[in-house]
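Worksheet: the structure to be examined is printed underneath.
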Amino acid sequence: MSSSNYLFLTIIGCELATWLSRILPFVLLKKFTLPKAVVEFLSFVPIVIMSTMWFCNLFTAQPGQLPKANLEYLVAAVPTFIAAVISKSLLVIVIVGIVSLALLRLIL
């Protein structure tokens, strides 16, 4: 098999896997209802994803050492966290985070 055929089949396979993983749950959930406990558990998934992305940016892992804190992101996270507690609006949180980081980069 030539490398172009292998590349083409790989792209098609990745496309199929992505499509199935995004569409199949919607198709299945139209026909079935989930128990209340499962729905409640799934409601926390966006919070977990955002927290993971947040912590990945705050700390830089280095093999054989403790993670190092990224001071710029850590300082920008303070007003963002306060905005999150007060507003509970994702749009406000994102705007405050972007503006605070932009101001820090402008000052430093």
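The values are calculated or read from the model by the stated rules, or taken from the named source; none is laboratory data. This one's a predicted model, so the numbers in the text were calculated from it and none came from an experiment. Cβ placement follows ideal geometry from the backbone for every residue including glycine, while neighbour counts extend to all protein chains displayed. When the accessible area is computed, the model is the full protein with side chains, heavy atoms only, and any ligands, DNA or RNA have been set aside. Shrake-Rupley method; radii C 1.70, N 1.55, O 1.52, S 1.80 Å.
Observations on the structure shown:
- Under 5 Å, built H, 5+ apart or other chain: amide partners of Phe59: Asn70
- Partner lysines whose Cα lies under 27 Å from the Cα of Lys88, excluding those fewer than 8 positions away in the same chain, are identified as Lys36.
- When all alpha carbon pairs of the chain are counted in 5 Å bins from zero, the resulting P(r) reads 2, 9, 11, 13, 11, 11, 12, 14, 10, 5, 2, 0 %.
- Rolling a 1.4 Å probe across all protein chains gives Val85 an accessible area of roughly 80 Å².
- Residues in the chain average 86 Å² of solvent-accessible surface per residue, probe 1.4 Å, ligands and nucleic acids excluded.
- For the chain, a crude dipole built from +1 on the beta carbon of Lys and Arg and -1 on the beta carbon of Asp and Glu, taken about the Cα centre, is about 240 debye to the nearest 20.
- Within the accessible area of the chain (1.4 Å probe), percent carbon and sulfur: 77 percent
- Trypsin sites (Lys or Arg not before Pro) restricted to region 45-108 and DSSP loop, no more than 11 other C-beta within 10 Å: Lys88
- In plain terms, the chain is cut at each of the chymotrypsin sites (Phe, Trp or Tyr not before Pro) found in a DSSP loop with at most 13 other Cβ atoms within 10 Å, and the longest leftover piece is 45-108.
- Using a probe of 1.4 Å, the accessible surface attributed to Ser87 totals some 50 Å² when neighbouring protein chains are kept in position.
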